[in-house]
Amino acid sequence: MMNRRQILGAGAAGAALVSSKAWGQTTNMGLPEAAFMDTAATQSPTRPTTGPDYTPVVTLNGWTLPHRMNNGVKEFHLVAEPVERELADGMIAHLWGYNGQSTGPTIEAVEGDRVRIFVTNRLPEHTTVHWHGMILPSGMDGVGGLSHPGIPPGKTYVYEFDLIKSGTFMYHPHADEMVQMAMGMMGMFVVHPKDPAFMPVDRDFLIMLNAFDIDPGTYVPRIMEMTDFNLWTWNSRIFPDIDPLVVNKGDRVRVRVGNLTMTNHPIHMHGYDFKVTCTDGGWVPPEAQWPEVSIDIPVGAMRAYEFDAEHLGDWAIHCHKSHHTMNAMGHDVPTFIGVDKRKLTKQIRELQPEYMPMGTAGMADMGVMEMPLPDNTVPMMTGWGPYGPIEMGGMFSVVKVRDGIGADDYSDPGWYENPPGTQAYEWTGELPDFAQVHDAKTRITPKTTSRG
Ligand SMILES: [Cu+2]
C-alpha cells in the first residue's frame with residue numbers, strides 16, 4: 001500500500017486541491033505530493049479516469065506513480081533516494097532508487113500529454129534523470145553536464161515536455177551513471193496510444209531486467225563489478241519471489257521487457273509463439289512483426305511481444321542464459337561430475353562428520369538440501385512447484401493461464417491441474433487407458449487458434 005510518509009514541500013496544497021480548481025484557471029500549486037511505496041508486492045493497475053482509455057500496465061513486484069493535473073499538464077514527483085528493497089522474502093538490499101523502491105515506479109501517460117516531472121534529489125551526490133527513447137528538447141534529456149547541471153543533493157529540478165509518441169521508454173540517471181545504475185536507479189515510462197483502438201491488449205506486463213553483485217550476508221551491491229553479477233533480477237526481485245504473470249484464457253497479452261544490465265538476456269517463454277510488436281524506437285508495423293519463442297533483449301534496449309492466451313497451463317518464462325536463473329553462487333567451484341569422492345569423503349568425515357560431497361552427479365541436490373546460509377541471502381536455486389523443487393532462481397517466473405480470471409485480477413491462482421492424459425507419466429509396462437482409445441492422438445494436444 002502507498003505510504004504517504006512525507007509530503008514534500010506541498011504545504012496545504014496536496015492532491016485534493018486539484019479538483020477544487022477550475023480547468024484552465026491560473027494556479028500556483030506547490031510541489032505535487034510525492035507518493036512512496038513500502039512493499040515489493042505487485043500493485044493493482046490504475047485504470048484511467050479521464051482522457052483516452054487504455055489497459056494500464058502491471059509492473060511485476062512494482063507500482064505506478066500517481067500524478068495530478070495542473071492546467072492540463074500531468075505532474076509527477078520522483079524522489080531519488082536510498083531505499084531498502086526486498087529482493088526476495090528474507091533478503092533485503094540497501095540500494096538507491098525512487099520513491100521508496102528500486103526499481104522506481106512506472107510512469108504511465110498518454111500520447112499527446114504534456115508532462116511535468118519534479119525530481120527531488122535525496123542522494124548524497126548529484127543526479128539527473130535521462131528519459132531513454134523519448135523525443136524531447138535537448139535541455140530536458142538529463143545528461144549531467146551536457147543537458148543541464150547535475151541536481152545537487154537536497155534540490156528539486158523540473159523536467160517538462162510533450163509526449164509526441166506512444167511506446168515503451170525507460171528512465172535512469174545520466175550522472176555518475178555506473179554507480180547509480182549499479183545501485184538500482186532505473187524505471188520504465190509507458191506512453192499509451194491516444195487512439196484506444198491502436199493495438200489494444202487485455203493484459204500488459206512490465207519487466208525491467210537488472211542485476212546486482214551482493215556478497216552473501218551483505219546488503220550493498222559491489223558497484224565496481226562489470227560482468228560477474230550474482231543476482232539477476234526482474235524489477236529488483238529474484239525467483240521464487242517474482243510474482244507470476246496471471247492471465248485469463250483468451251486475453252491478448254503484451255509483455256514489455258527493458259534491459260539496463262551489462263549483458264543481453266534472451267527471454268524465453270514456454271507454451272506459445274509470440275510476435276515482437278514494439279522496441280524502444282516504436283511500434284513494429286503488423287506486416288513486419290516477426291515470430292519468436294525467445295527474444296533477445298540487448299543492453300540498453302526494450303522489446304515488447306504479444307500473444308493470444310489460448311493455452312491453459314503454468315508456463316515458465318525466464319532468461320535462457322542458465323546462470324541467470326540462479327541466485328548468488330560462486331563461479332570458481334570446480335566441476336566434480338564423474339569424480340569418485342568416496343575415499344576423500346571418508347577422510348574428511350573423520351575431521352567433520354556432517355561433510356556432504358556435492359556435485360558428483362550434477363548439482364540438482366542443491367535444490368532440495370537445506371544448508372545453513374549466511375543471514376540475508378537466498379539459496380542458489382530454489383522455488384517449489386507442485387511436483388518438487390523447480391531448481392531455479394534469478395530471472396524466472398511463471399505465466400499462469402486460466403479460465404475465468406477477472407479483468408483486474410492479478411492474484412496468484414495457484415498451480416495448474418493438468419487434465420487427465422496431458423501430463424508426462426512413468427512407464428509401467430503398458431499404456432494407460434487414455435492412450436489406448438481410438439482417437440487418443442487428438443485428445444492430448446490442445447487446438448491452437450493463434451491469430452496470424
Ligand atoms: Cu539473462
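What follows draws every value from the coordinates through simple rules; no lab data is involved. These numbers come from a predicted model, not from an experiment. Positions of Cβ are generated from backbone atoms using ideal geometry, with glycine treated the same way; all protein chains shown enter the neighbour counts.
Within the chain, the longest run free of exposed loop sites, counting GluC sites (Glu not before Pro) that sit outside DSSP helix and strand states (H, G, I, E, B) and have at most 12 other Cβ atoms within 10 Å, spans 1-353. The Cβ shell under 14 Å around Ile214 holds other residues with a net charge of -4, Lys and Arg each +1, Asp and Glu each -1. Under a 5 Å amide H cut-off, with hydrogens placed 1.01 Å from N, Gly385 pairs with Ile390 among residues at least 5 apart or on other chains.
Extending 7 Å from the Cα toward the beta-carbon at both Asp162 and Leu431 defines two label points whose distance is 6.7 nm. Candidates Gly362, His311, Asn61 compared by Cα position along the dipole of the chain: farthest toward the positive end lies Asn61, with charges placed on Cβ. Which residues does a label at Asp409 reach in segment 230-270, if reach means a backbone N under 17 Å from a point 7 Å past the Cα toward the Cβ? Within reach of a label on Asp409: 244-252. Of all DSSP bridge pairs formed entirely within the chain, close to 70 percent run antiparallel. Over the chain, the reciprocal of the mean inverse Cα-Cα separation, the Kirkwood hydrodynamic radius, stands at 23.9 Å. Between His94 and Gln347, the modelled labels are 4.3 nm apart [label points 7 Å from Cα along Cα→Cβ].
Taking every Cα-Cα distance in segment 202-325 and sorting them into 10 Å bins starting at zero, the pair-distance distribution P(r) comes out as 12, 43, 31, 12, 2, 0 percent.
Helix-only mean residue ellipticity at 222 nm, the chain, DSSP H runs n ≥ 4 weighted -39,500 (n - 2.57), per residue, nearest 500. What is it? Don't skip to the answer; put the middle values down first.
On the way: 4 runs with 25 residues, N = 452.
The helix-only estimate for the chain comes to -1500 deg cm²/dmol at 222 nm.
As an exercise, identify the trypsin sites (Lys or Arg not before Pro) in segment 158-222 lying in DSSP coil whose Cβ has no more than 16 other Cβ atoms within 10 Å. It would help to have the intermediate numbers written out before the result.
Values: sites: Lys165, Lys194, Arg203, Arg222; in loops: Lys165, Lys194, Arg222.
For trypsin sites (Lys or Arg not before Pro) across segment 158-222 that sit outside H, G, I, E and B with at most 16 neighbouring Cβ atoms in 10 Å, the list reads Lys165, Lys194, Arg222.
Computed extension gain for Arg114 through Asp215, at 0.36 nm per residue and net of the alpha carbon distance, reaches 32.0 nm. Of the residues Met224, Gly414, Val129, the one whose Cα sits farthest towards the positive end of the charge dipole of the chain is Val129 (charges of +1 on Lys and Arg Cβ, -1 on Asp and Glu Cβ, taken about the Cα centre). Estimated at 0.36 nm per residue, the fully extended path between Gln423 and Lys155 surpasses their Cα-Cα distance by 90.6 nm.
Of all segments of the chain bounded by chymotrypsin sites (Phe, Trp or Tyr not before Pro) found in a DSSP loop with no more than 11 other C-beta atoms within 10 Å, the longest spans 24-386. Counting only alpha carbon atoms, the long axis of helix 342-351 and the longest principal axis of the chain meet at about 70°.
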